[in-house]
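What follows is a single structure, written as structure tokens, with notes after it.
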């Protein structure tokens, strides 16, 4: 389980998170939504120590992790994989070589054994037939799946996705959605997804939290969001230009 308790973060005079309380259960597909700049990515970056809170606590299972040293965070980062918005693959390496790279570095396997394991990871994301292809020859959605395969090499319990469908065509975006759902259902990985893609949100999320002006506006299931009479929530999920949102 992941818990953020009273989390607050400011950058200079700008308060981004103001006493955020959120709990994420194991095996969930959990979405963090809200307007651009509301602190969605800021929240998940706290979990892996890329940012440190001004106030509040962060728990991974029963361990409070926000005060760990950089060295102590290594163990946390092995449990929490992150898929950034841009796939960041090495164009000079084939897909299987990209996936094998962290296996060789962190698991200290030889090239042959690393490539065998990398192929299995590509199979998990339905990209095994493109193992010998260079990333530049693939579309954005396919590169995203290779990046997810690379993240899975460390056997993470939690995978954090930062805007995984941004910039993808509708078909590629839905394939990424299906893959995220599969990771939770088949591999029992907890998936935390930062997104404003309404199709993704209302097709695969178990629960959703909406941030607004640094605070939790609503935390609930897809049905609870659909039924919400909160004008801020209604404006966001309908995409209306008219409403209380600034």
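The values are calculated or read from the model by the stated rules, or taken from the named source; none is laboratory data. Please read all numbers here as calculations on a predicted model, not as lab measurements. Positions of Cβ are generated from backbone atoms using ideal geometry, with glycine treated the same way; all protein chains shown enter the neighbour counts.
Selection within region 68-92: residues that are in a loop (DSSP other than H, G, I, E, B), surrounded by 16 or more Cβ atoms within 10 Å (Cβ to Cβ) and in contact with a helix residue (DSSP H, G or I) (Cβ under 6 Å, 6 or more places away or on another chain). The member of this set that is modelled with the highest pLDDT is 89. Residues of region 125-152 that are in contact with a helix residue (DSSP H, G or I) (Cβ under 6 Å, 6 or more places away or on another chain) and farther than 19 Å from residue 84 by Cβ: 128, 130, 131, 133.
Can you tell me which of 223, 197, 206 is surrounded by 15 or more Cβ atoms within 10 Å (Cβ to Cβ), at pLDDT 95 or above and closer than 28 Å to residue 27 by Cβ?
Exactly one of 223, 197, 206 is surrounded by 15 or more Cβ atoms within 10 Å (Cβ to Cβ), at pLDDT 95 or above and closer than 28 Å to residue 27 by Cβ, namely 206.
Tell me whether region 9-28 contains one or more residues that are surrounded by 13 or more Cβ atoms within 10 Å (Cβ to Cβ), part of a loop (DSSP other than H, G, I, E, B) and either at pLDDT 95 or above or over 20 Å from the mean Cα position of the chain (by Cα) (or both). Yes, region 9-28 contains a residue that is surrounded by 13 or more Cβ atoms within 10 Å (Cβ to Cβ), part of a loop (DSSP other than H, G, I, E, B) and either at pLDDT 95 or above or over 20 Å from the mean Cα position of the chain (by Cα) (or both).
Does residue 108 satisfy being within 29 Å of residue 24 (Cα to Cα) and part of a loop (DSSP other than H, G, I, E, B)?
Considered against the rule, which asks whether it is within 29 Å of residue 24 (Cα to Cα) and part of a loop (DSSP other than H, G, I, E, B), residue 108 comes out as no.
For the residues 150, 145, 55, 104, the requirement of being on the phi < 0 side of the Ramachandran plot and without any contact (Cβ under 8 Å) to a residue 12 or more places away in the chain singles out 104. For residues in region 29-52 being in contact (Cβ under 8 Å) with a residue 40 or more places away in the chain, over 12 Å from the mean Cα position of the chain (by Cα) and in a loop (DSSP other than H, G, I, E, B), which is surrounded by the fewest Cβ atoms within 10 Å (Cβ to Cβ)? It comes out as 36.
Let's see how each residue does on (1) under 16 Å from the mean Cα position of the chain (by Cα); (2) at pLDDT 95 or above; (3) on the phi > 0 side of the Ramachandran plot:
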{"residue": "139", "(1), (2), (3)": "no, no, no"}
{"residue": "166", "(1), (2), (3)": "yes, no, no"}
{"residue": "179", "(1), (2), (3)": "yes, no, no"}
{"residue": "188", "(1), (2), (3)": "yes, no, yes"}
{"residue": "191", "(1), (2), (3)": "yes, yes, no"}
{"residue": "215", "(1), (2), (3)": "no, yes, no"}
{"residue": "219", "(1), (2), (3)": "no, yes, no"}
{"residue": "227", "(1), (2), (3)": "no, yes, no"}
{"residue": "239", "(1), (2), (3)": "no, no, yes"}
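Hey, among 128, 132, which residue is surrounded by fewer than 19 Cβ atoms within 10 Å (Cβ to Cβ) and either within 23 Å of residue 169 (Cβ to Cβ) or in contact (Cβ under 8 Å) with a residue 60 or more places away in the chain (or both)? Exactly one of 128, 132 is surrounded by fewer than 19 Cβ atoms within 10 Å (Cβ to Cβ) and either within 23 Å of residue 169 (Cβ to Cβ) or in contact (Cβ under 8 Å) with a residue 60 or more places away in the chain (or both), namely 128. Taking first residues from region 1-28 that are free of Cβ contacts under 8 Å to residues at least 40 places away in the same chain and partners that are in a strand (DSSP E or B) and surrounded by 15 or more Cβ atoms within 10 Å (Cβ to Cβ), the Cβ contacts under 8 Å between residues at least 6 apart in sequence or on separate chains come to 23/2; 23/3; 23/4. Against the test of being within 25 Å of residue 46 (Cα to Cα), surrounded by fewer than 23 Cβ atoms within 10 Å (Cβ to Cβ) and in contact with a helix residue (DSSP H, G or I) (Cβ under 8 Å, 6 or more places away or on another chain), the options 160, 187, 168 yield a single qualifying residue, 187.
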